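First up is the structure itself, then whatever we jot down about it.
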Amino acid sequence: MNPHGTKSMFVSRNSLKWLPAVVVPAVVVAGVIALPLQAGAAVDLPDKTPEQVLLMVSDSTVTSFSGTVEKTADLGLPNMDLSAGLSPGMVDQMSESIPEGMEDFVPGAATTGALTSALELFSGSQTARVYVDGPTNVRVQIKDPLAERNIVSNGSDAWLYDSETNTATHAEIPSDLEATVEEKLAALKVLAPSDLSTPAQVADRFLAEIDPSTTVSVGADGEVAGRPVYELVLTPKSTETLVESIAISVDSETGLPLQFVVRAAGQEAPAFEVGFTSIDFSTPSADLFEFTPPAGATVEEQEIPSMKDATDARGEFGELVGAAPVVTGEAWSTIVEIAAESVPAELSDNPLVAELATEVEGGRLLSTSLVNVLLTTDGRVLAGSVPVEQLQAAASAQ
């Protein structure tokens, strides 16, 4: 078994830029599905430090795989169709605020179920089949009761299909998108500090940066999807957070993360877990990344802005989101406050909010085991992985 070698740390988004490109589609896949993970019998692997496990991830050469992914969320929310709270009025309001040329984006997303998929992350369980070949070819088949949703991307085309409604959304991926992203990544690499020239140096910096707030350790060896794994555990030092720990299971042979588990303080069952229950590292068939809508399907065309168009529209979107949120606290105790003028006008009258929120001093509270959201009486919204008392104190301090 592994020793509990530790270093503490605060997770920096920039510190993760050295992770292999294949992890990105894997994380995206996990983000669009809603999944119980089953750990196998304990195994005994050679001892490794947290730095060595991080290096396994950075050195991973996996570019192709397929498997079954499952997710479960136990945040204390009812297992329900959360998207029912999106009223037609809210869709109309958002549509009017979208910059010229993008008017159909919000209602299109709502009617094709994209918003539903996102909200499902907070409630219940789902299973999906995942196929990945390189950084551009991705297929996700999300299993619904008596139906299936498919998300397919091959670098030039992207499809979203819902068998229940027999509707499909198609988008052509601009040819300049991938090239521009690669150019920006190359430029960032050239500008990287000299002390970050190797994965080992990046791992050391990553651990050093998060040292003030988090203990990082290697937990017990285990098994996920029939494969032996190392467990990298991040434990907050702060007692003012709802998060108890985050565990990442890393395949001992390939370095690919296979499972992600978040535990909430005071809750026995994991609050959120997502990962593989089976995985195959052979290259998926090329035809899996092509999609033809079934006969009779309704097809909507959706335009993806090119990098230039996205840059030109940035100012307009800035006006859409309004004032920047106010961030207080740090690390695991961070609180984000959104000004009243930046909160959708119908949020306070939303029937879903009315059903889930409870009256507390200073407003109404949407509470889960990992995140609390305070809707103040003056229209502000404060959120964080902290007890409600901290949100109330932050609201009163403004």
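At an R0 of 41 angstrom, the distance between the Cβ atoms of LEU146 and ALA220 translates into a FRET efficiency of 0.55.
Placing a pseudo-label 7 Å from each Cα along the Cα-to-Cβ vector at THR239 and ALA324 gives an inter-label distance of 3.4 nm. When all protein chains stay in place and ligands, DNA and RNA are ignored, the 1.4 Å accessible-area order of LEU146, LEU242, LEU207, largest first, is LEU146, LEU242, LEU207.
Using packing as a proxy for protection, rank 217-224, 389-396 so that the peptide with the highest average count of other Cβ atoms within 10 Å comes first.
Values: 217-224: 19.9, 389-396: 17.6.
Put in order of decreasing packing, that is 217-224, 389-396.
Whole-Hz Karplus values for the stretch 227-237 come out as 10, x, 9, 8, 10, 9, 10, 10, 10, x, 7 Hz, taken residue by residue from phi with 6.51 cos²θ - 1.76 cosθ + 1.60 and θ = phi - 60°; glycine and proline positions read x. Rolling a 1.4 Å probe over the protein heavy atoms leaves TYR161 with an accessible area of roughly 20 Å².
Amide H contacts of ALA271: VAL262, ARG263, ALA264, each under 5 Å away and 5 or more positions distant or on a separate chain (H built 1.01 Å from N in the peptide plane; Pro and chain starts excluded).
The values are calculated or read from the model by the stated rules, or taken from the named source; none is laboratory data. Keep in mind that this is a model prediction, so the values were computed, not measured. Because the Cβ atoms are built from the backbone with ideal geometry, glycine has one as well, and the counts that use them run over all protein chains shown. What goes into the accessible areas is simple: the full protein's heavy atoms, side chains included, and nothing from ligands, DNA or RNA. Shrake-Rupley method; radii C 1.70, N 1.55, O 1.52, S 1.80 Å.
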